[in-house]
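So the structure is just underneath, and the comments pick up after that.
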Amino acid sequence: MKNSFDEKILEEASDWLKANQKVVLATVIQTWGSSPRQVGSRMIVNEKGDFSGSVSGGCVESAVVRECMGLIKDNKPCKKIEFKVSNESAWEVGLACGGEIAVYLEQVN
Amino acid sequence: MKINILKEIIEKKNSKAEFAIVTNLKDGNSEIFEKGKKLSKNFENHKDQIESFFKLKKNGVIENTEIFVETYIRPIKVIIVGAVHIAQYLVDFAKSLNFEISIIDPRGYFASEQRFPDIKIINKWPEEAFKEIETNENSALIALTHDPKIDDPALQHALNKKFYYIGALGSKKTHENRCQRLKEAGFSDDQINSIHGPIGIKLGGRSAPEIALSIIAQLVSETYNK
């Protein structure tokens, strides 16, 4: 297998840490059905809610940011969260594509 | 994840190593796995599955466990022959892609560091330059000089080493002549037809950045075709 991308999210995480920010790494660890991003896709979130990278096509990132900020606030090391298909109500967090994903959150420290 | 693991991952990526990160999802413990490396007690019970993921370059959670494996593969070596204007845009476009670019050009005034900062430039003729780069069927060649003196030896090297992507810049006429020369040099029709010439997908643009974009698009497409 080959892949032709390198999103450099971990390198960015390292830069954030050097700037004394707290960093939570969010990684797609499982997918079911037609999910937008493959296993291993990443985003990082700091204590202010700034984020970089992605775990979906913009569908669940806001919820991931909230969860990551909660992890920092509660000083927990890690957490697994799952997202399923969203219902029709607008802005509800979920995946419009009909897929499901599991995202693993972990603090880097 | 511990900061020292993060640092180690980045170092390994920079050294173009092949490795995997294994994470215990229950407690967040993670470590780096490489071929021949002994796993710590946390993971040694899952050695066979971790090795299998590593071998298949697979990412995912090992079935019926809480162990996540993420594999890192070496970047694809892309050799550009011709430190020309298009090459500058290729380097730009490739920044967020998993390509390790080297540029070969015997003409010193083209192959300057000032034109290509942070890129490996080999200011030699291709026959000599290829002695400095290890290449195989996972390598790609982009020949941009359309000068037979420079391009042809590089194309011959790429064909002999079975590069998965070989593209050569030049008009249809230029490419016909090139094919004829390769035929005379003893290459088969199948080998010659594997060369993408004229290079790039049909985008319509004729400027240097547009041609570079069409080449990168073809290279990515061929990367996943294999």
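For region A:1-56, enumerate the residues that are among the basic types (Lys, Arg) and within 16 Å of B:ILE9 (Cβ to Cβ).
Across region A:1-56, the qualifying residues are A:LYS8, A:LYS18, A:ARG42.
Would you mention how many residues in region A:6-17 are closer than 19 Å to A:MET69 by Cα and of a type in the set (D, E, K, R)? Give the steps one after another, and end with the answer.
If we filter region A:6-17 for residues that are closer than 19 Å to A:MET69 by Cα, which is where we start, we get A:9-10, A:12-17.
Next, only the ones that are of a type in the set (D, E, K, R) stay: A:12, A:15.
Total meeting the criteria: 2.
Might you let me know whether region B:19-42 holds any residue that is within 23 Å of B:VAL220 (Cα to Cα) and surrounded by 14 or more Cβ atoms within 10 Å (Cβ to Cβ)?
yes
Considering only region B:98-110, how many residues are within 10 Å of another protein chain (Cβ to nearest Cβ), in a loop (DSSP other than H, G, I, E, B) and hydrophobic (A, V, I, L, M, F, W, C)?
So the count comes out to 0.
Rundown of residues vs (1) touching a residue at least 60 places away in the same chain (Cβ under 8 Å); (2) among the basic types (Lys, Arg); (3) within 24 Å of B:TRP125 (Cβ to Cβ); (4) touching a Ser or Thr at 6+ places or on another chain (Cβ under 8 Å), yes/no style:
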site	(1), (2), (3), (4)
B:HIS157	no, no, yes, yes
B:LYS161	no, yes, yes, yes
B:GLN191	no, no, yes, no
B:ILE195	no, no, yes, no
B:SER214	no, no, no, no
B:GLN218	no, no, no, no
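So that you can scan it fast, the table gives a plain yes or no per residue for (1) within 14 Å of another protein chain (Cβ to nearest Cβ); (2) of a type in the set (S, T, N, Q); (3) within 28 Å of B:LYS16 (Cα to Cα):
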| residue | (1), (2), (3) |
| --- | --- |
| B:ASP147 | no, no, no |
| B:ALA154 | no, no, yes |
| B:LYS161 | no, no, yes |
| B:GLY167 | no, no, yes |
| B:THR174 | no, yes, no |
| B:LEU182 | no, no, no |
| B:ILE192 | no, no, no |
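Restricting to region B:107-134, give me the number of residues that are more than 17 Å from the chain's Cα centre (by Cα) and crowded, with 20+ Cβ neighbours inside 10 Å.
2
Give me a count of the residues in region B:46-73 that are without any contact (Cβ under 8 Å) to a residue 60 or more places away in the chain and either at the interface with chain A (Cβ under 10 Å from one of its Cβ atoms) or touching a helix residue (DSSP H, G or I) at 6+ places or on another chain (Cβ under 7 Å) (or both).
Within region B:46-73, residues that are without any contact (Cβ under 8 Å) to a residue 60 or more places away in the chain and either at the interface with chain A (Cβ under 10 Å from one of its Cβ atoms) or touching a helix residue (DSSP H, G or I) at 6+ places or on another chain (Cβ under 7 Å) (or both) number 15.
Would a scan of region B:144-154 turn up a residue that is in contact with a Pro (Cβ under 6 Å, 6 or more places away or on another chain) and either among the aromatic types (Phe, Trp, Tyr) or in the same structural domain as B:GLY82 (by TED's automatic domain parsing) (or both)?
Yes, because at least one residue in region B:144-154 is in contact with a Pro (Cβ under 6 Å, 6 or more places away or on another chain) and either among the aromatic types (Phe, Trp, Tyr) or in the same structural domain as B:GLY82 (by TED's automatic domain parsing) (or both).
Could you figure out which of (1) modelled with pLDDT of 95 or more; (2) within 23 Å of B:VAL220 (Cβ to Cβ) isn't true of B:ILE119?
Exception for B:ILE119: condition (1).
Would you check if there is a residue in region B:29-45 being under 18 Å from A:TYR104 (Cβ atoms), within 14 Å of chain A (Cβ to nearest Cβ) and touching a helix residue (DSSP H, G or I) at 6+ places or on another chain (Cβ under 6 Å)?
yes
Where residues in region A:11-41 are under 28 Å from B:VAL78 (Cα atoms) and surrounded by 22 or more Cβ atoms within 10 Å (Cβ to Cβ), which of them is farthest from the other protein chains (Cβ to nearest Cβ)? Before the answer, list the steps.
First pass over region A:11-41, keeping only residues under 28 Å from B:VAL78 (Cα atoms): A:11-15, A:37-41.
Now narrow it down to the ones that are surrounded by 22 or more Cβ atoms within 10 Å (Cβ to Cβ): A:13, A:41.
Values: A:ALA13: 6, A:SER41: 9 Å.
Across region A:11-41, the extreme among qualifying residues is A:SER41.
Please give the number of the condition B:LYS120 fails out of (1) free of Cβ contacts under 8 Å to residues at least 40 places away in the same chain; (2) more than 16 Å from B:GLU100 (Cβ to Cβ).
Among (1) free of Cβ contacts under 8 Å to residues at least 40 places away in the same chain; (2) more than 16 Å from B:GLU100 (Cβ to Cβ), the lone unmet condition for B:LYS120 is (2).
Can you find a residue in region B:196-219 that is surrounded by 13 or more Cβ atoms within 10 Å (Cβ to Cβ), within 15 Å of B:VAL78 (Cα to Cα), modelled with pLDDT of 95 or more and of a type in the set (S, T, N, Q)?
The answer is yes; a qualifying residue exists.
The values are calculated or read from the model by the stated rules, or taken from the named source; none is laboratory data. All figures in this text were calculated on a predicted structure; none of them were measured in a lab. All Cβ positions, even for glycine, are placed from backbone atoms using ideal geometry, and neighbour counts span all protein chains on display.
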